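Structure first, commentary second.
The values are calculated or read from the model by the stated rules, or taken from the named source; none is laboratory data. From a predicted model like this one, the values you see are computed outputs, not experimental measurements. Counting neighbours? That spans all protein chains shown, and the Cβs are built from the backbone with ideal geometry, glycine included.
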Amino acid sequence: MIEVRPCRDRDEYGRAVFGIGQYFSPPPSEEMLERFSRIVEPQRMHAALDGGDIVGGAGAISFELSVPGGSLACAGVTAVGVYATHRRRGVLRALMDAQLRDVRERGEPLAALWASEETIYGRFGYGLACWCGEVRIPKGWNSFAQPFERLGSVRFVTAEEAATLFPPVWEALRRQRAGVHARDETWWALRQLRMPEEERSAPRRFAVLDLDGEVQAYAIYRIHAGFEAGSSASRLQVVEAVGASPQATAEIWRFLLDVDWMATVEASLLPPDHPLFLLLATPRRARYRMGDGLWVRLVDVGAALSGRAYGSEEPLVLEVRDAVSPWNEGRWKLEGGACERTQAEPDLALDVAALGAAYLGAVPFAQLREARRVEELREGAVERGDRLFAWRPLPWCPEIF
């Protein structure tokens with residue numbers, strides 16, 4: 001029988017983390033575990049045990065996630081894996097069940113994750129809530145469609161300076177878009193601003209845009225140097241580029257696209273409505289390839305639906321199915337921004353994964369209906385639901401955690 005509980009010591013922590021690490025890397029070093037444990041607290045790393053042997057693990061990061069019109073406590077699910085010796089034995093289900101109960105007990109209405117495989121987490125109530133994609137812009141195809149006047153100036157900064165200058169810009173993004181998680185000082189130091197040994201050949205560079213007397217944008221990027229037949233074949237990899245305003249976003253991207261000697265500029269995790277695509281004169285050349293982004297799970301339906309803003313005050317009754325977390329099952333009435341249980345006749349019926357897909361405002365109920373993920377029980381309810389839930393700009397999670 002599989003037992004699931006939080007890790008009790010560093011050895012258990014390391015073996016639980018190796019549940020996913022075994023597929024991609026050697027056993028974690030003590031240094032790596034020390035860093036990781038400052039992001040994923042030991043009490044939030046669950047271990048699956050079979051007769052005393054750890055055979056899998058699932059972790060969660062404590063952070064706030066921006067939602068339409070606000071921010072809510074969220075469990076950032078990560079490091080989920082089962083040992084190859086115990087696949088297809090219900091270990092993952094036991095881990096997910098235990099983790100969701102723990103998230104509920106902690107009072108976090110939401111859980112969110114990046115899926116290693118898109119077929120795994122829907123059965124545990126996670127819905128694909130936003131899309132993202134990668135671009136590859138070749139040299140010579142980086143012009144803007146309209147004349148562009150630079151109003152600010154870009155300068156390089158050290159990692160120590162970035163630790164102070166970058167966070168306010170990130171927080172500005174969180175106020176503008178749903179799907180963006182909060183970062184504390186530890187997160188910045190250990191994830192964004194650290195210089196990993198494996199990146200020595202192409203270290204991170206940090207730049208800020210000064211505009212109207214303050215830092216309004218920043219960029220983290222790497223240059224992968226290369227030559228081909230005597231000409232530069234170098235790639236500029238954008239790790240992260242964030243602006244606090246449309247002008248600032250355009251200016252930091254203009255800087256990145258103008259770096260000399262680059263054959264291509266590459267970026268990933270850009271949302272479909274990123275302004276870069278309309279800034280470029282030849283967006284077709286950017287070769288945008290879209291994939292799944294953040295998956296969202298409503299752990300407490302009432303608190304999650306009460307915690308976001310809506311596009312109208314119209315009432316809507318949802319009949320929610322949740323086979324994994326039965327406390328969510330039943331009818332919920334959403335009206336005036338509040339959500340409570342009700343005995344009223346439902347307007348829409350759907351499972352909690354479909355509700356998670358709609359939650360951040362990117363996936364309309366009309367699309368879910370076309371995909372047979374929601375049932376309209378009262379005429380006009382789908383359109384009413386879309387008026388309530390739709391949100392712009394589209395949600396965006398710029399970092400895989």
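Tabulated data for the structure shown
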read-out	value
Output for region 283-317, where each listed residue is touching a Phe, Trp or Tyr at 6+ places or on another chain (Cβ under 8 Å), among the basic types (K, R) and assigned to a helix (DSSP H, G or I)	R285
A98 being out of contact with any strand residue (DSSP E or B) (no Cβ under 7 Å at 6 or more places or on another chain), surrounded by fewer than 23 Cβ atoms within 10 Å (Cβ to Cβ) and of a type in the set (A, V, I, L, M)	no
Members of region 69-94 that are closer than 16 Å to Q22 by Cβ and either under 16 Å from the mean Cα position of the chain (by Cα) or of a type in the set (D, E) (or both)	T78, A79, V80
Close pairs (7 angstrom Cβ cut-off, 6 or more residues apart or separate chains): not assigned by TED's automatic domain parsing to the domain that holds Y13 in region 32-52, part of a helix (DSSP H, G or I) anywhere	none
Residues of region 80-104 satisfying the condition of being within 14 Å of V4 (Cβ to Cβ) and of a type in the set (D, E, K, R)	R89, R93, D97, R101, D102
Some residue of region 142-150 being under 15 Å from the mean Cα position of the chain (by Cα) and either surrounded by 14 or more Cβ atoms within 10 Å (Cβ to Cβ) or in a helix (DSSP H, G or I) (or both)	no
Residue within region 75-95 that is under 24 Å from R175 (Cβ atoms) and not aliphatic (A, V, I, L, M) present	yes
Scope region 323-365; condition in a helix (DSSP H, G or I), surrounded by fewer than 14 Cβ atoms within 10 Å (Cβ to Cβ) and either aliphatic (A, V, I, L, M) or in contact with a helix residue (DSSP H, G or I) (Cβ under 9 Å, 6 or more places away or on another chain) (or both); matching residues	W327
Residues satisfying the stated conditions in region 169-191, i.e. touching a residue at least 60 places away in the same chain (Cβ under 8 Å) and part of a helix (DSSP H, G or I)	V169, W170, A172, L173, R174, R175, Q176, T186, W187, L190, R191
Boolean, A47 is at positive phi, touching a helix residue (DSSP H, G or I) at 6+ places or on another chain (Cβ under 7 Å) and surrounded by 21 or more Cβ atoms within 10 Å (Cβ to Cβ)	no
